[in-house]
1. Let me spell out the model: positive unit charges on the Cβ of Lys and Arg, negative unit charges on the Cβ of Asp and Glu, origin at the Cα centre of the chain. What dipole size does that give, in debye rounded to 20?
2. Helix 46-77 versus the longest principal axis of the chain: what angle, 0 to 90°, nearest 10, using Cα atoms?
3. Classify region 2-74: rounded, prolate or oblate, from the alpha-carbon gyration tensor (a ≥ b ≥ c, eigenvalue square roots; a/c under 1.5 rounded; otherwise prolate if a/b is larger than b/c)?
4. Under 5 Å between amide H atoms, partner at least 5 residues away or on a different chain: which partners does residue 38 have, H built in plane at 1.01 Å?
5. Compute the helix-to-body angle for 2-33: its Cα long axis versus the longest principal axis of the chain, expressed 0 to 90° and rounded to tens.
6. To the nearest 500 deg cm²/dmol, what mean residue ellipticity at 222 nm is calculated for the chain from DSSP H runs of n ≥ 4 alone, each contributing -39,500 (n - 2.57), summed and divided by the residues?
7. How much FRET efficiency would the formula 1/(1 + (r/R0)^6) give for residue 43 and residue 17, where r is the Cβ-Cβ distance and R0 is 30 Å, rounded to 0.05?
Amino acid sequence: MFKKIFAAAIGGIIGAIAGFVIGLLTGTFVGGNYMTDFVFNGVRGYEAVGQIGVIIGVPLGAILGILLALKQMKRNSGKS
């Protein structure tokens, strides 16, 4: 049980970091090229859409990381 919780926690952390990076880069790309007049949280353009990318990317990455870690633990539990 402890291994499963530990794997889920590590998967969530790694997924959140990956979601942060991917969300930030995607948001800045979209904001810098297509949404230059978009305003959010007092900033405009790539900075605004980059923040939204981070806000969406971190929880999504954490959830996917947890699910992937639990799936991997389930797959490896049958092997000895």
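Where a number appears in this text, it was derived from the coordinates with a stated rule and is not lab data. Here the structure is a predicted model, which is why all the values come from computation and not from measurement. Note: ideal-geometry Cβ built from the backbone for every residue, glycine included; neighbour counts use all protein chains shown.
1. For this selection, approximately 720 debye.
2. Rounded to the nearest ten degrees, it is 10.
3. Prolate is the answer for region 2-74, as a/c is 1.5 or above and a/b outweighs b/c.
4. Under 5 Å from the amide H of residue 38: 45.
5. 20 degrees
6. When only DSSP H runs of four or more count, the value is -29000 deg cm²/dmol.
7. That pair, residue 43 with residue 17, gives E of 0.85.
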